[in-house]
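The values are calculated or read from the model by the stated rules, or taken from the named source; none is laboratory data. None of the values given here were measured: they were computed from a predicted structure. Please note: Cβ atoms are built from the backbone with ideal geometry, for glycine as well, and neighbour counts cover all protein chains shown. Heads up: the accessible areas ignore ligands, DNA and RNA and are worked out on the full protein's heavy atoms, side chains in. Shrake-Rupley method; radii C 1.70, N 1.55, O 1.52, S 1.80 Å.
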Amino acid sequence: MNFPRTILITGSTGYVGRHLLIALLQAGYRVLAIVRRRNGQLEQRLTDLLAPFDNGWSGQLVVVEGDVSQPLCGITDGLLSELKQAKPLAFLHSAGLTRFDAHLADDLKRHNVAGTQHAYELCAVLGIPEFHHLSTAFVAGTSDHVWQESDLDCGQGFRNPYEKSKFEAESYLHNISSDGTPKIVIYRPSIVVGGQ
Ligand SMILES: NC(=O)c1ccc[n+]([C@@H]2O[C@H](COP(=O)([O-])OP(=O)(O)OC[C@H]3O[C@@H](n4cnc5c(N)ncnc54)[C@H](OP(=O)(O)O)[C@@H]3O)[C@@H](O)[C@H]2O)c1
């Protein structure tokens, strides 16, 4: 049986995620988007976001209610088997709390550190072969040497709990002992600009 090329994504209502979502839809992928319900709205959030493009993508997009701060992103048992049957090729994890405030340290842990763990575990449970994680160049924190891709824990400090949470999320992924499945790919952009 042939399945359409399918990608699962978190964070598609966010700045980076919406550009990833649009690029995937433009490229012809079917996209399963894990989205939080806000003000009673779920599908409508992405419908509104995609409205300016009006490219007839509705058939390619499936919106799934979920929250990465919950185990397995809060996906219900029934939905788990549906998602599994869709056989996604990759899991793009772009959800995250992008606030730097000191008083949000616990929230940053919940959404960024536990959130990454929950997303990775969901990826593994669904048998998705690749986990793509949006990290940040700021995992380097206060480090003052030239960083290599392989650098992570260099004894650096952090300017805010956001940097620390992204470092801890990456550390979790680095420390997973598995047979290499799902394969983990980590991206470290600095500051993303352009578009809307
Ligand atoms: N933008 C940059 O310059 C930049 C640079 C480096 C790295 N990054 C990384 O790239 C990723 C995306 O950043 P962004 O700029 O797109 O952030 P953003 O605009 O603040 O969007 C964050 C996204 O994450 C979702 N999210 C947050 N907590 C969630 C939860 N518990 N469950 C489900 N979804 C949740 C948000 O959903 P709601 O709409 O429901 O809030 C939203 O879709 C982040 O991991 C960030 O650390 C961004």
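Points to keep in mind about this one:
- Residue count for the stretch 1-59, restricted to those that are more than 17 Å from G96 (Cβ to Cβ), open to solvent by less than 10 Å² (accessible area, probe 1.4 Å) and not hydrophobic (A, V, I, L, M, F, W, C): 1
- In the stretch 176-194, the residues that are among the aromatic types (F, W, Y) reach residues that are near the ligand (Cβ under 10 Å from one of its atoms) with C-beta atoms within less than 8 angstrom, at least six apart or across chains, in these pairs: Y187/H133; Y187/L134; Y187/S135.
- Scanning the stretch 166-194 for residues that are over 23 Å from G127 (Cβ atoms) and of a type in the set (F, W, Y) returns a single hit, F167.
- In the stretch 118-156, of all residues being part of a helix (DSSP H, G or I) and not hydrophobic (A, V, I, L, M, F, W, C), the one that is surrounded by the fewest Cβ atoms within 10 Å (Cβ to Cβ) corresponds to E121.
- For P71, the conditions (1) closer than 26 Å to S135 by Cβ; (2) open to solvent by less than 70 Å² (accessible area, probe 1.4 Å) all hold with the exception of (2).
- Listed here are the helices (runs of 4 or more DSSP H) enclosed by the stretch 1-98 that have at least 2 residues being within 20 Å of H111 (Cβ to Cβ) and out of contact with any strand residue (DSSP E or B) (no Cβ under 7 Å at 6 or more places or on another chain): 15-26.
- Subset tally (residues that are modelled with pLDDT under 95 and aromatic (F, W, Y)) for the stretch 141-170: 1
- Taking first residues from the stretch 129-143 that are without any contact (Cβ under 8 Å) to a residue 24 or more places away in the chain and partners that are open to solvent by 40 Å² or more (accessible area, probe 1.4 Å), the Cβ contacts under 9 Å between residues at least 6 apart in sequence or on separate chains come to A140/W147; A140/C154; A140/R188; T142/F158; T142/R159; S143/C154; S143/G155.
- Qualifying residues in the stretch 172-196 (those that are away from the ligand (no atom under 15 Å from the Cβ) and small (G, A, S)) - the one least open to solvent (accessible area, probe 1.4 Å): G180
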